[in-house]
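This report refers to the structure that appears directly beneath it.
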Amino acid sequence: RRDGDLHIGGIFPMEGEGGWQGGQACKPAAELALADVNARSDLLSGFKLYIHSNDSKCEPGLGASVMYNLLYNPPQKLLLLAGCSTVCTTVAEAAKMWNLMVLCYGASSPALSDRARFPTLFRTHPSATVHNPTRIKLMQKFGWSRIAILQQAEEVFISTVEDLEAHCKKSGIEIVTRQSFLSDPADAVRNLRRQDARVIVGLFYVVAARRVLCEVYKHRLYGKSYVWFFIGWYEDNWFETNLEKEGIDCTPEQMREAAEGHLTTEALMWNQNSNQTTISGMTSEDFRSRLNEALREAGYDIDGERYPEGYQEAPLAYDAVWAVALAFNKTMEKLEKSGLSLKNFTYTNKKIADDIYEAINSTSFLGVSGLVAFSSQGDRIALTQIEQLTENHYVKLGYYDTQADNLTWLDRERVIQWSHPACNTVMLCGC
Ligand SMILES: CC1(C)CO[C@@H](CC(=O)O)CN1
């Protein structure tokens, strides 16, 4: 028997104003996974895994100080879990100096897909670029060969648009105009009207999305001759809430009218086949029940639909801990052959770090968030789903598996003049 304890650091965004406070649901999810892996006699045999965590508030500076305290206070940590793109960027760029792997459960920035800057980073949260092949697939399916882009000037959207432009170039799709704005989209939306944009991909946070939609209403840039792609991870009724608070001068009815029919794309974070048993023995719905119970105990009014931030991403944190446990298990089996164990790891031991890297790099298991596997850049390989807002409700239109180039289409779309909305005038596209 090999007795001992294995320790990892956990950096969770719990409080704070800026960014994403997803640690509120992700930390409880990680703790559920910790209990589950430690209860398995066939995993980490004899060793118990511990997470030592602190709050980063989704602030990179505080995240760096949390990391420093985790590393310079015993016990020695073998790996770091982190959330928020800004914190993961800071932590992952530094972690290599301590030969530490970093597993991010809540980081969507495309900039993190960079082995040169982040040689030890893996993330169970997919990059925002995962939407782009899906958008292209839909444009090809419906014959939209001329599109426009409207984006907020934020790093995550700037790099997502660069990736989208590359996909469009490869697919022969013309970008007739790319408009960006800092916080007021009025001019950008007006320019879309001037350029007669008909198929528009919108990339912005939800507060900006409400401003865009009201401008779209004012410029009549919606209805049967327009197709809008919005991001799918806004809350369901995002287009009719907070209007007064945010100074939106459109009524809920006007917002609903402008929003009707838009498409959304988003990465799947909960295994869709809710009857499928995952590696933990649970289905994703079993996980949901256990998470809800844990969150009720933490004081959240789940039955009153008052979910904490990060609820959507909780499976990613749960599966991140499983990925760590499985990788440590694989590494221990390998080290044992040379009479070593993870207890021999030190911050200067690159050899064992490489073994842990190899073990994580070859991860492949069915988690509550679906199949968990990483690209060569450490990015989560994930499915995406496509929805359409129809009479105030999001209807699932299909799923896309980029790896297999397989679009599962449910034929539920509401007619939005799918045939070439871009061809409003013959000379425009000769149709
Ligand atoms: C889908 C979303 C909301 C994208 O931002 C992630 C947080 C981040 O990238 O900082 C969390 N998940």
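The values are calculated or read from the model by the stated rules, or taken from the named source; none is laboratory data. Model, not experiment: these values are computed from the prediction. Cβ atoms come from the backbone with ideal geometry, glycine included; neighbour counts cover every protein chain shown.
Summary of computed values
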item: Cβ-Cβ under 7 Å pairs, at least 6 apart or on other chains, the range 275-302 side closer than 15 Å to Gly367 by Cβ, far side surrounded by fewer than 19 Cβ atoms within 10 Å (Cβ to Cβ) and modelled with pLDDT under 95; result: Thr283/Ser274; Thr283/Asn275; Ser284/Ser274; Glu285/Ser274
item: Selection status of Leu295, under 18 Å from Gly22 (Cα atoms) and among the aliphatic types (A, V, I, L, M); result: yes
item: Close pairs from the range 218-231: first part of a strand (DSSP E or B), partner at pLDDT below 95 and surrounded by fewer than 22 Cβ atoms within 10 Å (Cβ to Cβ), Cβ under 6 Å, at least 6 apart; result: Val227/Pro421
item: Failed condition for Leu43, given (1) touching a Gly at 6+ places or on another chain (Cβ under 6 Å); (2) more than 30 Å from Val156 (Cα to Cα); result: (1)
item: Subset tally (residues that are of a type outside the set (A, V, I, L, M, F, W, C) and closer than 16 Å to Ser65 by Cβ) for the range 84-107; result: 4
item: Sole exception among (1) modelled with pLDDT of 95 or more; (2) touching a strand residue (DSSP E or B) at 6+ places or on another chain (Cβ under 6 Å); (3) more than 15 Å from the ligand (Cβ to nearest atom); (4) closer than 20 Å to Ala327 by Cα for Gly4, by number; result: (1)
item: Number of positions in the range 262-285 that are in a loop (DSSP other than H, G, I, E, B) and crowded, with 21+ Cβ neighbours inside 10 Å; result: 5
item: Matching residues in the range 309-327 - criterion: being assigned to a helix (DSSP H, G or I) and either at pLDDT below 95 or of a type in the set (Gly, Ala, Ser) (or both); result: Ala314, Ala317, Ala320, Ala323, Ala325, Ala327
item: Filtered residues of the range 382-399 (kept if outside any loop (DSSP other than H, G, I, E, B) and under 18 Å from Thr124 (Cα atoms)); result: Thr384, Gln385
item: Considering residues of the range 28-44 that are farther than 30 Å from Leu340 by Cβ and more than 14 Å from the ligand (Cβ to nearest atom) only, the residue surrounded by the fewest Cβ atoms within 10 Å (Cβ to Cβ); result: Leu32
item: Residue count for the range 76-125, restricted to those that are among the charged types (D, E, K, R) and either within 14 Å of the ligand (Cβ to nearest atom) or within 20 Å of Gly23 (Cβ to Cβ) (or both); result: 2
